[in-house]
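**Q** Please see the structure below; I have some questions.
The values are calculated or read from the model by the stated rules, or taken from the named source; none is laboratory data. Note that the coordinates shown come from a computational prediction; the quantities given were computed from them, not determined experimentally. Every residue, glycine as well, gets a Cβ built from its backbone with ideal geometry; the counts of neighbours run over all protein chains shown. We work out accessible area using only protein heavy atoms, side chains counted, and drop any ligands, DNA or RNA first. Shrake-Rupley method; radii C 1.70, N 1.55, O 1.52, S 1.80 Å.
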Amino acid sequence: MDNARVAHEETITLGQAKKLVQCMAHEQSFLFLSAPGVGKSEMVAQAAAETGLSCRSLLGTQIAPEDVSGVPRIVGERSVFCPPRILLPENPEPFCLFLDELPACAPDVQKAFYSLLLERRLGEHALPSGTWVVAAGNRTQDRALVRSMSSALVNRVTILHLRVDADEWQAWAARNGVRADVRNFVAHMPDALMRPVPSEPVPFSTPRAWALLSRALDLAEGAGILNRETRRALAFGRLSAEDAAVFCALAEEQIAAMRPIEDYVAHPDFLPQTDAARWFVLNCVRQHVRDGRLTHLKPRTVNRFLQSLKPEQQLTVLTDLVEQWGALGADKAMFELLKKVTGL
């Protein structure tokens, strides 16, 4: 079965996935699928740590079938398979077995996992009671190294598709020391937290990329080498180009603390004067309109805001959101813009 052919995918957040793992992974096996960089591995490790289980990982792309089933040895007149210590430690205590990149495994390796996923067994050896078996991987549409999974494998796991939740990530980032400038940028541009996987092998924004960029900036700052050039090199080396450009421009221009977005709409003179900072705020306004967070504003306020912008800026904030702006009562401003653009 090719998971790219799934016609309908219900998604859950990492927080929801962690709760499911903690309440039933001792009996049922899970396979978590998402784009790269979402945080699947850390979620599983955190779920195990909170439950008091050690977490042992196997990387699917770096193992052979015998790494799962074990190697044979002669005992008396019979051959006995000896499972590896990572799967069957001498200490018979439950643990979390994390099978990373399961969809990338070779078919014979996937087959070696069958009894492990369904019965918690390795040949004649049973895993300690209460052991979790949790797998993760990417999807074929993510252009990652993914193979087709057999129906026998799919039928042995509960497949859950994960999505990024900006609020969950903000809470995680605050607990884990992610820089304030990174957290503030993502708070005002939540779409930048997770960009689609590009068609070319170039950097793109993911929760992992933002966290690693934050750490890189901290290290460079601690070494006294963080300047315009190093910041740009690090940002463009981790993020989608459009996110890197705006993030660096805002850092270089030292934009003042952001006001609530409603303030910029009600008082257009509050908008920053520099192009990059103004584009950033206008994009935040777009997201608020798209998400229905400005419905409390009066049509007079909305029209005055749009009319204060240059025509090209009006087009930017209106693109693909004409219906939403119309619901806010912006008909007058949109009609005037149409006359300017068409010359009527």
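**Q** Which order do GLU221, GLU101, GLU27 take by accessible area at a 1.4 Å probe, largest first? The partial results should precede the final answer.
**A** Details: GLU221 105, GLU101 65, GLU27 130 Å².
Sorted descending by solvent-accessible area, the residues read GLU27, GLU221, GLU101.
**Q** On a 0 to 90 degree scale, rounded to 10, what angle separates helix 166-175 from the longest Cα axis of the chain?
**A** Between helix and principal axis, roughly 70 degrees.
**Q** Below 29 Å, Cα to Cα, which lysines can LYS111 reach? Residues fewer than 8 away in the same chain don't count.
**A** Straight-distance partners of LYS111: LYS18, LYS19, LYS40.
**Q** Still on this structure: Would you mind checking LYS310/LYS340; LYS298/LYS339; LYS298/LYS340 for any pair whose Cα atoms are more than 19 angstrom apart?
**A** On the way: LYS310/LYS340 11 Å; LYS298/LYS339 23 Å; LYS298/LYS340 24 Å.
Table pairs above 19 Å Cα-Cα are LYS298/LYS339; LYS298/LYS340.
**Q** Now for a separate question. In Å and from the alpha-carbon atoms only, list the Rg and Dmax of the range 129-197.
**A** 16.8, 47
**Q** Working from the alpha-carbon coordinates of the chain, get Rg over Rh, Rh being the Kirkwood radius.
**A** On the way: Rg = 25.6 Å, Rh = 23.4 Å.
Ratio of gyration radius to Kirkwood radius for the chain: 1.09.
**Q** Hey, can you grab everything whose amide H is under 5 Å from the amide H of ARG139? Only 5+ residues off in sequence or another chain; H modelled, so Pro and N-termini drop out.
**A** SER34
**Q** Note down the net charge around ALA192, summing +1 for each Lys or Arg and -1 for each Asp or Glu among other residues with Cβ under 9 Å from its Cβ. Walk me through the numbers before you get to the answer.
**A** Working: positive: ARG195; negative: ASP191, GLU242, ASP243.
My count for the surroundings of ALA192 gives -2.
**Q** For the chain, which whole-number percentage of the solvent-accessible area (1.4 Å probe, protein heavy atoms only) is attributable to carbon and sulfur atoms?
**A** Ligands and nucleic acids excluded, carbon and sulfur reach 52 percent.
**Q** In nm, to one decimal, how far is the ALA180 label point from the SER148 one, both placed 7 Å along Cα→Cβ?
**A** Computed distance between label sites ALA180 and SER148 equals 5.4 nm.
**Q** If you fit an axis through the alpha-carbon atoms of helix 275-290 and take the longest principal axis of the Cα set of the chain, what angle between them do you get, 0 to 90°, nearest 10?
**A** Its long axis makes an angle of about 70 degrees.
**Q** Just to confirm a number: summing +1 for Lys and Arg and -1 for Asp and Glu over residues other than ALA216 whose beta-carbon lies under 11 angstrom from that of ALA216, what do you get? Display every interim value, and only then the final one.
**A** Values: positive: ARG179, ARG215, ARG231, ARG238; negative: ASP218, GLU221.
Net local charge, ALA216 excluded: +2.
**Q** Excluding ligands, DNA and RNA, what is the solvent-accessible area per residue of the chain at a probe of 1.4 Å, expressed in Å²?
**A** Working: 17870 Å² over 344 residues.
Per residue, the chain has an accessible area of 52 Å².
**Q** Have a look at SER57, SER199, SER41 and tell me which one the Gaussian network model of the chain (Cα, springs below 10 Å) gives the largest fluctuation.
**A** It is SER199.
**Q** What is the sum of charges around ASN227, taking Lys and Arg as +1, Asp and Glu as -1, for the other residues whose C-beta is under 14 Å from the C-beta of ASN227? Show your work: numbers first, answer last.
**A** Numbers: positive: ARG228, ARG231, ARG232; negative: GLU221, GLU229, GLU252.
Neighbourhood net charge equals 0.
**Q** Quick one: if the Förster radius is 22 Å, what FRET efficiency do GLU229 and ASP191 give, using the C-beta to C-beta distance and rounding to 0.05?
**A** Numbers: r = 27 Å, r/R0 = 1.24.
The value I calculate is 0.20.
**Q** Top mean-square fluctuation among VAL164, VAL322, VAL186, Gaussian network model of the chain, C-alpha springs under 10 Å?
**A** Taking springs between Cα atoms under 10 Å, the residue moving most is VAL322.
**Q** A follow-up question, please. Looking at the chain, send over the antiparallel percent of its DSSP beta bridges, to the nearest 5. Walk me through the intermediate numbers first.
**A** On the way: 7 of 28 bridges.
Within the chain, antiparallel bridges account for around 25 percent of the total.
**Q** Take the alpha-carbon centre of the range 11-34, take the same for the range 166-208, and report the distance between them in whole Å.
**A** 22
**Q** So how far apart, in nm, are the two label points at SER41 and PHE270 if each is 7 Å from Cα heading toward Cβ?
**A** Using points 7 Å along Cα→Cβ, the separation is 4.3 nm.
**Q** So, one more: Amide H to amide H, which residues 5 or more places from THR158 or on other chains are under 5 Å from it, using H placed in the peptide plane?
**A** Long-range HN contacts for THR158: SER29, PHE30, LEU31.
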